[in-house]
Every structure is written in structure tokens, then in C-alpha cells.
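Notes for the one structure printed next.
The values are calculated or read from the model by the stated rules, or taken from the named source; none is laboratory data. The model shown is predicted, which means the values in this text are computed figures rather than measured ones. Cβ coordinates were reconstructed from backbone atoms using ideal geometry, including for glycine residues, and neighbour counts include every protein chain displayed. Calculation scope for accessible area: heavy atoms of the full protein, side chains included, ligands and nucleic acids excluded. Shrake-Rupley method; radii C 1.70, N 1.55, O 1.52, S 1.80 Å.
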Amino acid sequence: MVTAYNAAVAVTALLLIALVHRVGARTILGAGLLVFFLASLACSLAGSLPFLIAARCVQGAGAALLLAGSLPVLGALTGSVPRGAAVWTLAGTFGIALGPALGGVLTQVFDWRAIFAAQAPVAALGLVAALAAPRSVALEEGWRSSLTRTWPANVCLGLLFGALVGVLFLAVLLVITVWGYSPIAGAGIVSVLPVATLASRPLGRRLSGLTAICGGAALVAAGLVALALLPSPSAWLAAAALAFCGVGLGLAVPTLSGAALDPDAGLARSGTFTVGVRHLGLVLALASIAPLLATELPTAGRQAKLRAATVLLDAPVGLSTKVPVALDLAGEFERARAGEIPDLAKPFDDHGAGSDPNLAATRDTLVRTIEETITRAFRPAFLFSSALAALALAVALFARRRVLE
Amino acid sequence: MTTRLTFGAAVLLMLLAAVSALVGVELGKGAARSVSPPLAKPCQARAPFTGGGIDGLIQRIVLDGLDGAACRLGTTREELVLSLRSGTGIRAGHADQTTVEAAIRAGLVRSVDEAERRGDIPSFLAPAVRRLVETVPLAKLIQGGISLGGLLR
């Protein structure tokens, strides 16, 4: 579903490049907000997964339109291209960092539908504002026909967005699905990311463009290595790693986004190109990481079961407790949905772990062993994401003049 | 201007040092070590179960027996135990039910021999235990072991 949405954004944005300068920015923005609003409503009312995926694709197309149209409109509203681009970039960077945390809170407090139900009024407000904006809101489109100049910065941006798959999606999956945190508690951990992104703004202003890009990409790469090397489930270590990723994101993405825009080639056109490349990076990374996880997780699941069997067989607990606990545990595994870790503590608690210290110690060892084994199955995917950030750093260093041209 | 840049660069360097320290902490906490307990190889000798009493003795015999059976079948004790639970009959890897049962009985007999040698089972009782292991259906044997362990604990 995440891939479908981002693929729709990427494809629509890349197709729009040829058209965007022929249609007014306000029209594109208005159309995008309308499509996004209707698709968000459809998502919130979806009754089946295929319908939801289809609605998410339409929503992605709407997002591409509104992102393409909003840049020139913001430029005109703020009175200058750099100011408009700065607002556009900051909103994009902060929004993508905030999304998972906000989604987690809405899911737990209400329902997953609330995520889309909350998006609809925001899009409606945007639509009203766009319609109410003065008609003079339009910037002269540029004269340069080629977007070649922006390629290096866009490649860096695409790679960095690819790396964000590790920060945004894998981290959420790990914290909520594997470690068993509730969506709100998970959001609490992941919210370190947008906070760090915002907090890094003053630092970003003190650095040269190249230093901000390279330092930011290095921090994202290193933060992802730290996520890959999590030795066991630890909210503190994960939050610390995410904080470094957030700072890296806040340093590199705004500068790169600014460099990726070429007003001389048309603000709407170069903005659309950037949106397309960013989401293409996300989609390609998702497409690469999904098979990695699909290979690693079942293997880790089997290893976790075998290690759990070792823990239980060797536990200093009587047979009359050990065997029923083992049978109940096996039942929990059978009942768990694919990709979910069952409630491992329950069989122990049901058989008296509250009053039997040996059984309680066995429970804790078994839970830790399984969570550690599955946590480490994420390692290749995090390292792959880190490699993408490192590649962005290498491209920025190699083509430093062209990146910041 | 130069001072501002230097200060920013210094903060950036500190952040890079801090993230390196975080990776160091993770390595110190065992990130590079494999998850414990390691998955034992078939036929690898293990320390015997240390529990006391009749329950401990039964577990020692059963676990040793499972180790022996797993070794004969070319699998691990854990894989064998998980296959017993599968509900599709006693199977392990490509071995059929008869082969698995024979391996488990042979493993248990060897384990009883070891227990007798260690003095865990009196010599006059060992032949009877061996006979039980060789003749009683496995499901009843397991259930009997659990009941006896619980009864005499």
C-alpha cells in the first residue's frame, strides 16, 4: 500500500513534467487538492484492501499534482522563489518525518481510517485557500528547456529518500510489530525523528551547502548503521539512532531540495521533477528492501522458534509445567497472523510465572531471545538503507560542484 | 562568518562522534555476537540437565534421549521436538514416522544406559525402564513421564 502510493506519486510527477508548465500552477494545485481530498475520503471509507490500494494510488496522483502546483504558488505568495522553495522544502521534509508518528497516534486513538479522515479536511482547507488566493499568483516560468543541471542534486535526493525507507518504514515495523509497542508508544519513539529534523534547522543555517549535505547524509547513514546494529529491543537505542537520522535529514534534505530546483528551467517543472525523483527513490528502495525482508524474516522466525525450544527444554522448570507451557506456546505461534510475534508471555503467566521465579526467568529469556533474533533479521534491510545514504554522500562529494551549481 | 562556520562544523563533528559512540555502545552490548542461546549442531555434546529429584532425572533422560535421536536423524533436538508438535504425526525432516520413533527409542535406551552408568538409576531398575522405553507407545511414554515427574516432584 505504501509502495502503491509512492509509485503513483513518482509516475504522476514524472509524467507531469512535460505538461506542468503549460497549465497554470493554481489549476494544478486545485486539481491536486481536489483529487487528494476525494481519494482521502475514499480511503477512509474503504471496505476492502484492493479498493484501499486503488484509492491510495489515486491519492498519490493527487499528491503529485498538489506538490507540483504548490511550489510556484508558494513562491508567489511569499514574494520570492527562494522563500517559497524554503517553505515547500521544510514542509516536505518535516511532513515526511512526522507522518509515521502521527499515523501511529491516530491509529491507536481511533482507527487506521482516521489517518485518511484527518487528511481530507486538511486537503479541503488547502483547496479553499487555493481558490481564495489572488489570481495574480503566478510566477514566470523559466527559459531553460533542460533539467540536466539539477540531475546530481536530484540523484542525491532520490538516494536519500531511498534511505528513508529504513528510517520511516522499517523502524516503525520493528518497534510496533516486533517489539510489541502500541501505536502511540511506537509513535513516541519515532517522533524523535521530526523533532530532531526541526531542531537541526539552526545548525543547517550555520553550515555551507556542501557540508550540510555531506554531514547530513553521513548522519543518516551512520544512524541507519546504529539501527542495524541494535543488539536487542531497546527503545532508547532506537530513539537515539532515529535522532541522528532526523538531524541528518534536517541538514541534507532542505539544502539538496534547494539545489535540486532550477527556477530557470521553470519552478513548477523542476519541482515536479524533484518530487518524481524523490518518490522514485522511495519506491525503488521499497522494492529492493521488501524481498530482503521476505527472505530474512521467515529464516529468523524459524531460528527464533528453535532458540525458544532450546530455552524451554533447558529451563530449570518441572515437566508438569514445562510441557503445558510448551504446548500453549506452540498454540500461540499457530494462532499468530503471518509476520506477527505472538503473545509469548501469556502461556508462562497462565501457568504461574507470577509466583515461580524460575518460570518467570525462562519467560523473560525466551521473549528476549525471540525478539533479538527477529530484530537482527532487519539488519540487512537497515544496512541496505544505510548504503543508499552513503551513496548519496559519495555522489555529493564526487559531483560537489554540480550538486550546488 | 568564519566563526559561525567553524562552530557549525564543530557541532557536526560532535554529532558524528556521538553517532559513532552509539555504534560503539551497541557493539559493546553484543551487537556483533550471535543471539544466545546458539543453535546447537546435531551430535554436539551438551551439559546434562541439572535439575534434581525424579523430575530432574526424567528430564535428563528425555533430553539426552532426544539428543541421541536427533543425532541419528541428522537433525537437532529442537527441530525434532518442534516436529513432534506439528500434529501431522511424528516426523523429522525427510524421515518417516517409523524411523523417527525408532530413533527416539534408541536415543532413550542409550540415555537410560548413561543414567545407569552415572548411578542415577539403580541397576536393578534399569532393565525395566529400558523395557518400558522399548515397548510403550511414545505418546503414552511422554504422558507417563510428565505425570510421574509431577507426582514425585
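Roughly speaking, what is the centre-to-centre gap between the range A:8-49 and the range A:282-333 when only Cα atoms are used, to the nearest Å?
42 Å
So what's the Cα pair-distance distribution over the range A:9-159, bin width 10 Å, in %?
11, 36, 36, 16, 3, 0
Looking at the calculated P(r) for chain A, what percent of the C-alpha pair distances fall above 39 Å?
Details: 19733 of 81810 pairs.
Percentage above 39 Å: 24.
How many percent of the alpha carbon pairs in the range A:333-399 exceed a separation of 15 Å? Provide the component values of the computation, followed by the final result.
Details: 1497 of 2211 pairs.
Cα-Cα pairs in the range A:333-399 separated by more than 15 Å: 68 percent.
Projecting each Cα onto the charge dipole of the range A:279-405 (Lys/Arg +1, Asp/Glu -1 at the beta carbon, about the Cα centre), which of A:LEU282, A:PRO324, A:VAL395 comes out farthest on the positive side?
Most positive-ward Cα: A:VAL395.
Calculate the radius of gyration of the Cα atoms of the range B:19-87 to one decimal place, then report Dmax, the largest Cα-Cα distance, as a whole number, both in Å.
Answer for the range B:19-87, Rg first and Dmax second: 17.5, 54 Å.
For chain A, modelled as a Gaussian network with Cα springs under 10 Å, which listed residue fluctuates most, A:ALA243, A:ALA123, A:ALA13?
Taking springs between Cα atoms under 10 Å, the residue moving most is A:ALA123.
Taking all protein chains in place and a 1.4 Å probe, what share, in percent, of the accessible surface of the range A:273-395 do carbon and sulfur account for?
On the way: 3040 of 4970 Å².
Reported share for carbon and sulfur atoms: 61 percent.
Hey, what's the range A:224-371 come to in accessible area per residue, 1.4 Å probe, Å²?
On the way: 5160 Å² over 148 residues.
Per-residue value: 35 Å².
If you average over every viewing direction, what projected area does the convex hull of the Cα atoms of the range A:151-232 give, in nm²? Display every interim value, and only then the final one.
Values: hull surface 23.8 nm².
Computed as one quarter of the Cα hull surface, the answer is 5.9 nm².
Per residue of A:247-256, what is the mean number of Cβ atoms on other protein chains within 10 angstrom of that residue's Cβ?
On the way: counts 5, 4, 0, 0, 3, 0, 0, 0, 0, 0.
Partner Cβ neighbours, averaged per residue: 1.
Of A:LEU312, A:ALA117, A:ALA18, which is farthest along the charge dipole of the protein assembly as shown in the positive direction, counting Lys and Arg as +1 and Asp and Glu as -1 at C-beta?
Comparing the listed Cα positions along the dipole, A:ALA18 ranks first.
Can you give the accessible area buried between chains B and A, summed over both chains, with a 1.4 Å probe, in Å² to the nearest 100?
On the way: alone 10640 and 17840 Å², together 24750 Å².
Buried: approximately 3700 Å² between A and B.
Which of A:GLY318, A:GLY276, A:GLY32 moves the most in a Gaussian network model of chain A with Cα springs under 10 Å?
Comparing A:GLY318, A:GLY276, A:GLY32 in a Gaussian network model of chain A, the most mobile one is A:GLY318.
Not counting the cut sites, what is the longest span of chain A without trypsin sites (Lys or Arg not before Pro) that DSSP labels loop and that have at most 13 other Cβ atoms within 10 Å?
Values: sites that count: A:ARG22, A:ARG135, A:ARG337.
So the longest stretch without any such site is A:136-336.
Please tell me which of these pairs span more than 25 angstrom C-alpha to C-alpha: A:LYS322/A:LYS346; A:LYS346/B:LYS29; A:LYS322/B:LYS29? Write out the running numbers ahead of the final one.
Working: A:LYS322/A:LYS346 14 Å; A:LYS346/B:LYS29 28 Å; A:LYS322/B:LYS29 30 Å.
Correct reply: A:LYS346/B:LYS29; A:LYS322/B:LYS29.
Can you tell me which aspartates and glutamates have their Cα less than 19 Å from the Cα of B:LYS41? Leave out same-chain residues fewer than eight positions away.
Partners within reach: A:ASP314, B:ASP64, B:ASP67, B:GLU78, B:GLU79.
Might you work out the accessible area of A:THR197 for me, using a 1.4 Å probe with all protein chains in place, and round it to the nearest 10 Å²?
Spelled out: A:THR197, probe radius 1.4 Å, area about 10 Å².
For the range A:9-75, what percent of Cα pairs sit more than 20 Å apart?
Working: 614 of 2211 pairs.
Tail fraction, whole percent: 28.
When the helices in chain A are scored as -39500 (n - 2.57) per DSSP H run of 4 or longer and the sum is shared across all residues, what 222 nm value do you end up with, to the nearest 500 deg cm²/dmol? Write down the numbers at each step before the final one.
Details: 17 runs with 312 residues, N = 405.
Helix-only estimate at 222 nm: -26000 deg cm²/dmol.
Given axes a ≥ b ≥ c from the Cα gyration tensor, I'd like to know whether the range A:208-277 is rounded (a/c under 1.5), prolate (a/b larger than b/c) or oblate. List each step's numbers first, then the result.
Values: a/c = 4.03, a/b = 2.56, b/c = 1.57.
The shape class here is prolate.
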